[in-house]
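Engineer: Pasting in a structure now, in structure tokens, and then I'll have a few things to ask.
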Amino acid sequence: MIFLMDLQMMLLDVIYFILRNSVRIVMRPRTKPIDGELVLITGAGGGLGRLFAQEFTKHGAEVVLWDVNGSSNEQTAKLVREMGGKAHTYTVDVTSREDVYRNADLVRKDLGRDVTILVNNAGVVAGKRMLDCPDELMERTMKVNCHALFWTVKAFLPQMKAQSHGHIVTIASVLGLFSTACVEDYCASKFAAVGFHESLAHELLAEEVEGVRTTLVCPYIVDTGMFEGCKIREEVELLLPPLEPQYCVEQAMNAILIDQPLVCIPRLTYLPVLFRALLPWESNVVAYRFMGSDKCMYPFIDTMSKQSSNGSIKVA
């Protein structure tokens, strides 16, 4: 009897959340204020990280900028300060847990307060076919895109839980929800990032830690140069072009400000996730081939090979 009652309540809750989120598509819910929050962003020296720093500053937050490249990080801080915001820079290698823990303690000591919003944004890709890729490059991708999430969350989550206030944001990728050829290191790391984030979200819900929110951001290919040369079928690209970085960050911010648990950018990329779950493997392969997604990374790999030969590899 208790089981049937619980089943009924579960079904009602499922219907409620489907309806609520359908309404949210049309009517944007109220956003939360983040002025005065202390936001730590990894990979803040450029790309999306720099834009996140500026976007959080627009909303009145104070930013802590972590990046392995000190000079690029200082440039981001300069842009933030020119906007009238507060920025604090730290040169951090997020692949080193000792470096993460040491700098986390340093942030608390220097600023006299705890980080309330953590944005795990740092990301890299090897840019080589797996059998041609040095082991060290594949390990680096896993360390930056996946392992670092463990170290940063362990460093800042305890204080968020103690204060029942905080927000953890994971910048993953649609390639953490479905995959493509020739970027095994990146797909594996982003699938791991998605799994890590979702497990953490479930843990916080199971422990009823209501004050700590989570947002998983899964953007399509963003035009930051990280996947330079990546190309799908021309006709399909008219519907699904590479994302403008500013648009991507604005959409992610919208999700953060309404405590949205998951956002795929653009919305069209929810469809491949659905197809992957419902359709046979062969059906997905046929669709990939039609869209040109099966070989979309070939030009990217060629571009990276040329840059490697010229000694001008771009690190995102």
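Engineer: Count, please, the residues in segment 103-114 that happen to be over 21 Å from the mean Cα position of the chain (by Cα) and part of a helix (DSSP H, G or I).
Structural biologist: To start, the set of residues in segment 103-114 that are over 21 Å from the mean Cα position of the chain (by Cα) comprises 103, 105-114.
Keeping just the survivors that are part of a helix (DSSP H, G or I) gives 103, 105-111.
Total satisfying the criteria: 8.
Engineer: Follow-up. Farther than 30 Å from R28 by Cα, acidic (D, E), exposed (fewer than 14 other Cβ atoms within 10 Å of the Cβ) and out of contact with any strand residue (DSSP E or B) (no Cβ under 7 Å at 6 or more places or on another chain), is that true of D294? Working first, answer last.
Structural biologist: Numbers: farther than 30 Å from R28 by Cα: yes; acidic (D, E): yes; exposed (fewer than 14 other Cβ atoms within 10 Å of the Cβ): no; out of contact with any strand residue (DSSP E or B) (no Cβ under 7 Å at 6 or more places or on another chain): yes.
No.
Engineer: Y186 versus (1) in contact (Cβ under 8 Å) with a residue 12 or more places away in the chain; (2) open to solvent by 20 Å² or more (accessible area, probe 1.4 Å); (3) of a type outside the set (A, V, I, L, M, F, W, C): which is the lone unmet condition?
Structural biologist: Here Y186 meets the rest and fails (2).
Engineer: I've got another one for you. If I go through segment 4-17 residue by residue, how many of them are at pLDDT 80 or above and open to solvent by 100 Å² or more (accessible area, probe 1.4 Å)?
Structural biologist: Residues in segment 4-17 being at pLDDT 80 or above and open to solvent by 100 Å² or more (accessible area, probe 1.4 Å): 4 in total.
Engineer: Tell me the residue from L205, L239 that is part of a helix (DSSP H, G or I), more than 19 Å from the chain's Cα centre (by Cα) and within 25 Å of R28 (Cα to Cα), please. Reasoning before the result, please.
Structural biologist: Details: L239 fails: part of a helix (DSSP H, G or I).
Sole residue among the options that is part of a helix (DSSP H, G or I), more than 19 Å from the chain's Cα centre (by Cα) and within 25 Å of R28 (Cα to Cα): L205.
Engineer: Hey, among the residues in segment 35-67 that are among the small types (G, A, S) and part of a helix (DSSP H, G or I), which one's nearest to the chain's Cα centre (by Cα)? I'd like the intermediate steps shown before the answer.
Structural biologist: Just the residues of segment 35-67 that are among the small types (G, A, S), to begin with: 36, 43-47, 49, 53, 60-61.
Subset that is part of a helix (DSSP H, G or I): 47, 49, 53.
Working: G47: 12, G49: 10, A53: 14 Å.
Only one residue fits best here, namely G49.
Engineer: Then there is this: Just to be sure, is I232 in a loop (DSSP other than H, G, I, E, B) and of a type in the set (A, V, I, L, M)? Talk me through it step by step, then tell me what you get.
Structural biologist: Numbers: in a loop (DSSP other than H, G, I, E, B): yes; of a type in the set (A, V, I, L, M): yes.
Considered against the rule, which asks whether it is in a loop (DSSP other than H, G, I, E, B) and of a type in the set (A, V, I, L, M), I232 comes out as yes.
Engineer: Can you pull out the helices (runs of 4 or more DSSP H) entirely within segment 243-313 that have at least 3 residues that are in contact with a Lys or Arg (Cβ under 7 Å, 6 or more places away or on another chain) and within 18 Å of V125 (Cβ to Cβ)? Talk me through it step by step, then tell me what you get.
Structural biologist: Numbers: elements: 245-257, 270-278, 281-291, 298-310.
Per the criteria, 298-310.
Engineer: Right, next: Does segment 114-126 contain any residue that is touching a residue at least 12 places away in the same chain (Cβ under 8 Å), touching a helix residue (DSSP H, G or I) at 6+ places or on another chain (Cβ under 6 Å), among the acidic types (D, E) and surrounded by fewer than 21 Cβ atoms within 10 Å (Cβ to Cβ)?
Structural biologist: Within segment 114-126 (the criterion being touching a residue at least 12 places away in the same chain (Cβ under 8 Å), touching a helix residue (DSSP H, G or I) at 6+ places or on another chain (Cβ under 6 Å), among the acidic types (D, E) and surrounded by fewer than 21 Cβ atoms within 10 Å (Cβ to Cβ)), the answer is yes, since at least one residue qualifies.
Engineer: Kindly list, by first and then second residue, each pair from a residue in segment 12-29 that is at negative phi to a residue that is surrounded by 10 or more Cβ atoms within 10 Å (Cβ to Cβ), limited to pairs with Cβ atoms under 7 Å and residues at least 6 apart or on different chains.
Structural biologist: P29/I258
Engineer: Still on this structure, please answer the following. Filter segment 78-110 down to the residues that are open to solvent by less than 30 Å² (accessible area, probe 1.4 Å), over 21 Å from C146 (Cα atoms), touching a helix residue (DSSP H, G or I) at 6+ places or on another chain (Cβ under 8 Å) and of a type in the set (A, V, I, L, M, F, W, C) and list them by number.
Structural biologist: Those that are open to solvent by less than 30 Å² (accessible area, probe 1.4 Å), over 21 Å from C146 (Cα atoms), touching a helix residue (DSSP H, G or I) at 6+ places or on another chain (Cβ under 8 Å) and of a type in the set (A, V, I, L, M, F, W, C): V80, A87.
Engineer: Is it the case, given these coordinates, that A53 is small (G, A, S), farther than 19 Å from A255 by Cβ and open to solvent by less than 40 Å² (accessible area, probe 1.4 Å)? Break it down stepwise before answering.
Structural biologist: On the way: small (G, A, S): yes; farther than 19 Å from A255 by Cβ: no; open to solvent by less than 40 Å² (accessible area, probe 1.4 Å): yes.
Considered against the rule, which asks whether it is small (G, A, S), farther than 19 Å from A255 by Cβ and open to solvent by less than 40 Å² (accessible area, probe 1.4 Å), A53 comes out as no.
Engineer: Got at least one residue in segment 199-215 being under 20 Å from V124 (Cα atoms) and modelled with pLDDT of 95 or more?
Structural biologist: No - not one qualifying residue is present in segment 199-215.
Engineer: Could you identify the single residue in V119, V94, V100 that is farther than 18 Å from E37 by Cβ, under 21 Å from the mean Cα position of the chain (by Cα), at pLDDT 95 or above and not in a helix (DSSP H, G or I)? Spell out the reasoning first.
Structural biologist: Working: V119 fails: farther than 18 Å from E37 by Cβ; V100 fails: not in a helix (DSSP H, G or I).
Exactly one of V119, V94, V100 is farther than 18 Å from E37 by Cβ, under 21 Å from the mean Cα position of the chain (by Cα), at pLDDT 95 or above and not in a helix (DSSP H, G or I), namely V94.
Engineer: Only one residue in V125, V174, V183 is modelled with pLDDT of 95 or more and touching a strand residue (DSSP E or B) at 6+ places or on another chain (Cβ under 7 Å). Which one? Step through it out loud before you land on a result.
Structural biologist: Details: V125 fails: touching a strand residue (DSSP E or B) at 6+ places or on another chain (Cβ under 7 Å); V183 fails: touching a strand residue (DSSP E or B) at 6+ places or on another chain (Cβ under 7 Å).
It is V174.
Engineer: Of the residues L239, L216, L274, which is open to solvent by less than 30 Å² (accessible area, probe 1.4 Å), among the hydrophobic types (A, V, I, L, M, F, W, C) and free of Cβ contacts under 8 Å to residues at least 60 places away in the same chain?
Structural biologist: Being open to solvent by less than 30 Å² (accessible area, probe 1.4 Å), among the hydrophobic types (A, V, I, L, M, F, W, C) and free of Cβ contacts under 8 Å to residues at least 60 places away in the same chain holds for just one of L239, L216, L274, which is L216.
The values are calculated or read from the model by the stated rules, or taken from the named source; none is laboratory data. The shown structure was predicted, so the numbers you read here are calculated from the model rather than taken from an experiment. Glycine also receives a Cβ, built like all others from the backbone with ideal geometry; neighbour counts cover every protein chain displayed. To get the accessible areas, we keep the full protein, side chains included, count just its heavy atoms, and leave off ligands, DNA and RNA. Shrake-Rupley method; radii C 1.70, N 1.55, O 1.52, S 1.80 Å.
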